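J.: Next up is a structure, given as C-alpha cells.
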Amino acid sequence: MPPRTPEQFEEIRESRKQQIMDTALELFASQGYANCSIAQLAKHSGISKGLMYNYFESKEALLVAIIEDGMSEILDYFDPDHDGALTTEELTGFIRKVYSSIRENQQFWILYISIVLQPRVKEFLEGEPFSRVMDQYGPMLMAYFTEMGFEDPALEMLTFSALIEGFGVLMVYAYPRVELPDELLDSYEERVIGMFTTRPN
C-alpha cells in the first residue's frame, strides 16, 4: 500500500476534528458545558486525552470552534458573494436558507441553542466570537434598511433579528410537541420576507 499523501492526512485530520466537535456538541448540550472535562470528551470521541490536545488546545477552544462553525454557515447565507453589501435577493435567500436549515436540521439546532443559552457559555461567548459576527452582520443590515428607506433602520434590524432568532427557539422548544403544519410555516416565512424586502410607502 503506498504511503498516504499530505492531502489524505489532512482529510483524516479534518474528519476526526469534526467527529470531536459533533461529540462535544452533544455532551455540552446534554450534560452542560461546565460539567464536561477534556477527559470525558476524549473518551466519548474514542481518542486519548493527549491526542485531544493535538486538535484543540483547550475546552474553550473546542467550544469556540463549535459556535463559529454554526455561525459561519449562517454568515455564508447572509453575504454569499462576500461583497459586504446586502440586496433584497440576498436577504430573501438568507431568510429561506436559515428557516430551511432550522426545519431540516432540528437536532443540530436543539443542541446548538441549548448550548449558547447556558450562562457559563453565554458569558464566555460575549467576547470575541459574537463581536466578530456583529461587526460584520450589524452594519450590513443597517445599511440595507437605510437604503430601503425605512424610517428607523435600527428598529427594523432589532425586529428582523428577533423574528429570525425567535423562529429558531420556537422550532427547538415547541416543535414537535406542538404540530406546526408546513403550510403555516411557509406562510410565516413569506410574511417575514415581505416585511423586510418591500420598500415602505
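J.: Kindly check whether there is at least one residue in the stretch 189-201 that is surrounded by 11 or more Cβ atoms within 10 Å (Cβ to Cβ), over 16 Å from Thr92 (Cβ atoms) and free of Cβ contacts under 8 Å to residues at least 12 places away in the same chain.
T.: No, the stretch 189-201 contains no residue that is surrounded by 11 or more Cβ atoms within 10 Å (Cβ to Cβ), over 16 Å from Thr92 (Cβ atoms) and free of Cβ contacts under 8 Å to residues at least 12 places away in the same chain.
J.: Hey, another quick one. For the stretch 72-96, what are the residues that are without any contact (Cβ under 8 Å) to a residue 60 or more places away in the chain and within 12 Å of the chain's Cα centre (by Cα)?
T.: Matches in the stretch 72-96: Ser72, Glu73, Ile74, Asp76, Tyr77.
J.: For the stretch 77-109, name all the residues that are among the hydrophobic types (A, V, I, L, M, F, W, C) and either over 18 Å from Val192 (Cα atoms) or exposed (fewer than 12 other Cβ atoms within 10 Å of the Cβ) (or both).
T.: Correct list: Ala85, Phe108, Trp109.
J.: Identify, please: which residue in the stretch 147-183 is surrounded by fewer than 17 Cβ atoms within 10 Å (Cβ to Cβ) and among the acidic types (Asp, Glu) and is, among those, nearest to Ile95 (Cα to Cα)?
T.: Glu165
J.: Follow-up. Within the stretch 36-43, can one find any residue that is out of contact with any His (no Cβ under 8 Å at 6 or more places or on another chain), modelled with pLDDT under 90 and assigned to a helix (DSSP H, G or I)?
T.: There is no residue in the stretch 36-43 that is out of contact with any His (no Cβ under 8 Å at 6 or more places or on another chain), modelled with pLDDT under 90 and assigned to a helix (DSSP H, G or I).
J.: When you go through Gly84, Gly93 one by one, which is the residue that is at pLDDT below 85, outside the structural domain of Leu25 (by TED's automatic domain parsing) and not polar (S, T, N, Q)?
T.: From the options Gly84, Gly93, the qualifying one is Gly84.
The values are calculated or read from the model by the stated rules, or taken from the named source; none is laboratory data. Values in this document were obtained by computation on a predicted structure and should not be read as measured data. Virtual Cβ from ideal backbone geometry, glycine too; neighbours counted across all protein chains shown.
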